[in-house]
Amino acid sequence: MEINFEELRDEMVEEQLIKRGIDDDLVLNAFRKVKREKFVPDKNKKYAYEDGAQLISAGQTISQPYIVAVMIEALEIKESDKVLEIGTGSGYAAALLAEIAAEVYTIERIEELALKARKVLSDLDYRNVKVKLGDGSLGWEENAPYDSILVSAAAPYVPEKLIEQLSKGGKIVIPVGERNEVQQLKRLTKKSKGKLKEEELEYVRFVPLIGEDSWR
Ligand code: SAM
């Protein structure tokens with residue numbers, strides 16, 4: 001029997017996002033549009049709208065829709081914004097960001113994932129996303145500064161280059177804490193004179209950010 005993904009997608013938005021307090025229309029509309037089934041492995045498509053993280057390849061995960069929504073909502077992205085994502089994974093969060101922001105840059109350290117994400121994003125005609133293979137703990141200097149930075153992997157601290165590459169008034173959302181344990185999701189806002197305002201959001205569990213300015 002054919003699966004009605006559109007119905008599952010609307011149900012996910014209603015049950016997993018709206019009922020838990022996500023209320024930014026730009027965010028909700030992005031989740032209504034992006035076909036999550038295109039970003040999970042073929043054999044798991046029927047689980048694409050389940051309420052949890054799922055394995056993709058190379059031992060990595062596509063995050064739980066609700067957590068991605070919390071992170072994107074916390075960034076308060078505007079339609080004219082330039083956004084950097086660290087940890088492309090499947091490319092799902094990058095597609096959501098591309099529905100909201102003008103320009104999206106996303107970095108993945110595992111070649112297999114970066115290539116797959118680049119292909120699916122291009123097949124789905126997301127022309128405002130650029131995928132780079134590299135170490136996101138160092139950011140992506142060339143296109144800086146960014147209005148928002150979404151870090152989709154857990155770091156022991158906020159990498160210095162990411163703070164440097166953030167515009168004034170810009171925000172970073174990042175899980176910070178021990179490797180393979182529960183981490184604290186944080187939002188940092190860059191104030192005048194480079195000062196940072198730090199806020200604590202939810203507790204989360206992400207795969208580690210592995211790189212030169214993070215876990216080795
Ligand atoms: N945003 C992804 C999605 O929508 O599918 C999920 C990201 S997954 C939880 C974390 C990703 O971060 C993994 O694919 C992992 O390989 C990647 N990663 C870890 N350290 C990295 C680094 N230093 N630079 C770039 N990517 C990194």
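What follows is calculated from the coordinates using simple rules that are stated; it is not laboratory data. In this text, all values refer to a predicted model and were calculated from it rather than measured experimentally. Heads up, the Cβs are rebuilt from the backbone with ideal geometry, glycines too, and the neighbour counts pull from every protein chain shown.
Identify all lysines with a Cα-Cα distance to Lys197 below 30 Å; exclude those on the same chain that are fewer than 8 residues away in sequence.
Reachable lysines: Lys19, Lys78, Lys82, Lys130, Lys132, Lys161, Lys168, Lys171, Lys186.
Mind putting a number on the dipole of the chain about its Cα centre? Charges go on the C-beta only, +1 for Lys and Arg and -1 for Asp and Glu, and I need it in Debye to the nearest 20.
Numbers: 33 positive and 40 negative charges, 104 e Å.
Using Cβ point charges on Lys, Arg, Asp and Glu, the chain gives about 500 debye.
Run through region 94-187 and list the GluC sites (Glu not before Pro) located in a DSSP loop whose Cβ has at most 10 other Cβ atoms within 10 Å.
When the GluC sites (Glu not before Pro) of region 94-187 are filtered for loop state and at most 10 Cβ neighbours within 10 Å, Glu181 remain.
Fewest first, what order do Lys193, Lys171 take by the number of other Cβ atoms within 10 Å? Show your work: numbers first, answer last.
Working: Lys193 6, Lys171 21.
In order of increasing Cβ crowding within 10 Å: Lys193, Lys171.
Going by average Cβ density within 10 Å per residue, which order do the peptides 78-87, 18-27 take, highest to lowest?
Descending mean neighbour count gives 78-87, 18-27.
Could you rank the peptides 194-200, 129-135 by their average count of other C-beta atoms within 10 Å per residue, with the highest value first?
Taking the mean over residues of other Cβ atoms within 10 Å, the ranking is 129-135, 194-200.
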